[in-house]
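Right, one structure below, let's go through it.
The values are calculated or read from the model by the stated rules, or taken from the named source; none is laboratory data. Nothing here was measured: the structure is a model prediction, and the numbers come from that model. Neighbour counts run over all protein chains shown; Cβ positions are idealised from the backbone, glycine included. SASA here: full protein model, heavy atoms, side chains in, ligands and nucleic acids out. Shrake-Rupley method; radii C 1.70, N 1.55, O 1.52, S 1.80 Å.
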Amino acid sequence: LLGRVRFMNECIKECFPTDCTQLVILGAGYDMSAYCFQDILNKAKVFEVDHPSTQTDKLTKIKMNIENSPNNISYVPVDFEKDDLEESLIARGYVPSEKTLFIWEGVTYYLEKKSVRQTLQFVVENSGSGSKLAFDYYPPEIVDGTSKDKLGKSMYELVKKIGEPYKFGINVKDIDGLLREHRFSHIQKYSSIDIRNLYFHGDNKKRKVSDLWNFVCATT
């Protein structure tokens, strides 16, 4: 999870303040990137997209704990399985023609394949040329419960027990095809081991990193 957050943070630092003008965080949850990186995001438009109930809870906590919130953040309540993402974003000031970075962290595996495809298509059709999408994903065996990995089995049982089962998984060898089908290019893939080698050095060099996650950054 630390590696996942670092990967997304590095994507933000690569794109701002000079490359992109908009940041869209899909399924933002309690992500605080828009606050932590204000030094490079202060001239960008930031859109946090999340389920209405989660977003309401987050905003309540922010009001209780943060005195001066950045004024460049727009909160966009969306149920990915039901609501129109394009309509919701544009209503909050999103400009489809601008170069944008989309962060999609910890979300794909909770969506139906149809919703994953719809989101990919939305990004391609509603962002300026050269925009980027960064996300993480699981292989199918984590999603269907057939993984032999102890942590994978535990995670499968946990999300099933709390009523939010995994729904979407895809193999590393198939992610290129899915993204190219939706007209993405410059597809950069990273395994958990790649992430460890990139970011865990010094005292953290021998830190154990689960190999369940896979990461990708692709360009429109």
Under a cut-off of 23 Å between alpha-carbon atoms, report the lysines in cross-link reach of Lys99, not counting same-chain residues fewer than 8 places apart. Lys13, Lys43, Lys45, Lys132, Lys189
What residue among His182, His201, His51 shows peak mean-square fluctuation when the chain is described by a Gaussian network model with Cα springs under 10 Å? His201
Karplus 3J(HN,Hα) series, Hz, for the range 108-120 with 6.51 cos²θ - 1.76 cosθ + 1.60 (x for Gly, Pro): 3, 6, 9, 9, 5, 4, 4, 5, 4, 4, 4, 5, 4
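Only helical DSSP H runs with n ≥ 4 go in: add -39500 (n - 2.57) per run for the chain, normalise by residue count and round the 222 nm mean residue ellipticity to 500 deg cm²/dmol.
On the way: 10 runs with 91 residues, N = 220.
Rounded to the nearest 500, the figure is -11500 deg cm²/dmol.
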Coil-residue trypsin sites (Lys or Arg not before Pro) of the range 163-220, DSSP, other Cβ within 10 Å capped at 14: Arg183, Lys205, Lys206, Arg207, Lys208
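Rounded to the nearest 0.05, what FRET efficiency is calculated for Ile162 and Asn197 with R0 set to 41 Å and r the Cβ-Cβ distance? Intermediate results must be reported in sequence, preceding the final value.
Working: r = 33 Å, r/R0 = 0.81.
Here the calculated transfer efficiency is 0.80.
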Going by a 4.7 Å Cβ-Cβ cut-off, which cysteines of the chain have no partner at all? Cys11, Cys36, Cys217
List the equivalent ellipsoid semi-axes of the chain in whole Å, largest first, each obtained as the square root of 5λ for an eigenvalue λ of the Cα gyration tensor. 26, 20, 20
Loop-located GluC sites (Glu not before Pro) in the range 98-198, at most 12 other Cβ atoms within 10 Å (DSSP): Glu112
So which trypsin sites (Lys or Arg not before Pro) in the range 3-70 end up in coil per DSSP with only 11 or fewer other C-beta atoms within 10 Å? Lys43
For a quick check of understanding: with a 1.4 angstrom probe and all protein chains in place, what accessible area in square angstrom does Tyr156 have, to the nearest ten? 50
Relative contact order of the range 1-151 (C-alpha contacts under 8 Å, at least 6 apart) in percent is 26
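Out of all DSSP beta bridges in the chain, what portion is antiparallel? Express it as a percent rounded to 5. Don't jump to the answer; show the numbers that get you there.
Working: 11 of 29 bridges.
So the antiparallel bridges in the chain amount to around 40 percent.
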